[in-house]
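First the structure, in the form of structure tokens, and then the observations on it.
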Amino acid sequence: MKYAKVEGVTQPVARIVQGGVMLTTKELDKSFSLLDAVLALGGTTIDTAHGYGVGDSERTLGKWLEARKNRDKVVIITKGCHPNADRERVTPYDMTSDLHDSLARLKTDSIDLYLLHRDNPKLPVGPIVEILNEHKKAGKIHAFGGSNWSSARIEEANAYAKQNGLTGFAASSPNFSLADQIKEPWRDCLTLSGPKNAPAREFYAKTKMPLFVWSSLGGGFFSGRFTRDNLATFTNYFDKLCVDCYCTEDNFKRLDRVKQLACERGLSVAQVALAWVLNQPLNVYTLTGCNTADEFKANAAALDVNLTAKELAWLDLQSDAR
């Protein structure tokens, strides 16, 4: 495992972050075993959210932290203020309410990195920055950032913080993958992938802001299960999302090249696809929803895969030479 520093977070943060969406109190032993194995492999950083499993993911992680008495060894990332069916929820009230729910579920006094799950660009950024600073000053969060916030909006938030002597956003969490996301899987999701998002990537390359990128493997696109001629056979909710969002001809051409390079290097398809993300000139941490210790170990091995600039361009169809 490799680690790096996120401003405000006291512990080193693992570059491969274990996602917590699969954690559930309905399968407590299985969830505990997964978390035990990930931590033993150096996966000290766990990502969850107020909305995952209607809070059950956070509750499960909290029960594990309490049972293992290892809070000091784990970096917690959680998210709040996801919209519901009735209204937008990026408000000081909802931030405070969701944060206190998360603290109670996680059985901890503080969150290492707190992310706003969505933005509401209709609202001024000032009150958002101010309430986050209040919670940071109170010790309830150590650092904060935005999930699915545009780079322009984050820049605006940090300009406001600087002008008012406050702490700004320390991290961002958009989608980013070799597979270009052609459709948002859920409402108001933002991606850094594809030519149209080059300006946002330039912002992050310049600022070196930590990026906690989700669906780096294209929502399962690089699993090998999806082919050009079997897309109509998928019925599972997440599989159908992958078909709708990632299964394009250009992405299959990328997959063909990933398979070729993986065969030449003795790597898995997923390792090459993940290495493409990790080798970008960005300060990247990947959120991976591993269901087994073997999956996590294989993903962590991608940290040691070096790709040249020519290979990166070739994999992304920017060049036919490598």
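The values are calculated or read from the model by the stated rules, or taken from the named source; none is laboratory data. This one's a predicted model, so the numbers in the text were calculated from it and none came from an experiment. Note: ideal-geometry Cβ built from the backbone for every residue, glycine included; neighbour counts use all protein chains shown. Heads up: the accessible areas ignore ligands, DNA and RNA and are worked out on the full protein's heavy atoms, side chains in. Shrake-Rupley method; radii C 1.70, N 1.55, O 1.52, S 1.80 Å.
Taking the Cβ of I111 as the center, what net charge do the other residues with Cβ under 13 Å away carry, scoring Lys and Arg +1 and Asp and Glu -1?
Numbers: positive: R71, K79, R105, K107, K136, K140; negative: D47, E58, D98, D101, D109, D112.
Summing Lys/Arg as +1 and Asp/Glu as -1 gives 0.
Provide the per residue accessible area, probe 1.4 Å, for the chain, rounded to a whole number of square angstrom. Don't skip to the end; give the middle numbers.
Numbers: 14340 Å² over 322 residues.
Using a 1.4 Å probe on heavy atoms only, each residue of the chain averages 45 Å².
(i) 31, 56, 13, 0; (ii) 33, 59, 8; (iii) 23, 44, 24, 8, 1: which one is P(r) over Cα pairs in 20 Å bins from 0, in percent as calculated from this entry?
Structure-derived value, by its label: (ii).
If the cut-off is a Cα-Cα distance under 14 Å, which aspartates and glutamates reach K310, setting aside same-chain residues fewer than 8 apart in sequence?
D320
To the nearest 0.05, what FRET efficiency results for A104 and A321 with a Förster distance of 41 Å applied to their C-beta separation? List each step's numbers first, then the result.
Working: r = 56 Å, r/R0 = 1.36.
FRET efficiency, A104 to A321: 0.15.
What net charge do the residues around A270 carry, taking every other residue with its C-beta under 14 Å from that of A270, with Lys and Arg at +1 and Asp and Glu at -1? Could the numbers behind the result be given before it?
Values: positive: R225, R254, K259, R265, K297; negative: D294, E295.
So the environment of A270 carries a net charge of +3.
Give, rounded to the nearest 20 debye, the magnitude of the charge dipole that the stretch 1-96 has about its Cα centre when Lys and Arg contribute +1 at Cβ and Asp and Glu contribute -1 at Cβ. Before the final figure, lay out the partial values.
Values: 14 positive and 12 negative charges, 61 e Å.
Around 300 debye, computed over the stretch 1-96.
Student exercise: in the stretch 47-202, how many lysine pairs 8 or more apart or on different chains have Cα atoms under 18 Å apart?
13
So how do M95, M1 rank on accessible area, 1.4 Å probe, biggest first, that is with the largest at the start? Don't skip to the answer; put the middle values down first.
Details: M95 0, M1 70 Å².
The residues order as M1, M95, largest area first.
So, counting K/R as plus one and D/E as minus one, what does the shell of residues with Cβ under 10 Å around M95 add up to? Provide the component values of the computation, followed by the final result.
Working: positive: R89; negative: D94, D98, E134.
Taking every Cβ under 10 Å from that of M95, the sum is -2.
Compare V258, V54, V305 in a GNM of the chain, Cα atoms joined below 10 Å, and give the one with the largest fluctuation.
Judging by the Gaussian network model, the answer is V54.
Run the dipole for the stretch 86-176 about the Cα centre, Lys and Arg Cβ at +1, Asp and Glu Cβ at -1, nothing else charged, and hand back the magnitude in debye, nearest 20.
Working: 11 positive and 12 negative charges, 17 e Å.
That gives the stretch 86-176 a dipole magnitude of about 80 debye.
In whole angstrom, how far apart do the alpha carbon centroids of the stretch 170-216 and the stretch 265-291 sit?
For the stretch 170-216 versus the stretch 265-291, the Cα centre distance is 14 Å.
With all protein chains present, how much of the accessible area of the chain (probe radius 1.4 Å) comes from carbon and sulfur, to the nearest whole percent? Don't jump to the answer; show the numbers that get you there.
Working: 7530 of 14340 Å².
Reported share for carbon and sulfur atoms: 52 percent.
Sum -39500 (n - 2.57) across every DSSP H segment of at least 4 residues in the chain, then divide by the residue count to get the 222 nm mean residue ellipticity, nearest 500.
Details: 11 runs with 129 residues, N = 322.
Calculated from helices alone, the mean residue ellipticity at 222 nm is -12500 deg cm²/dmol.
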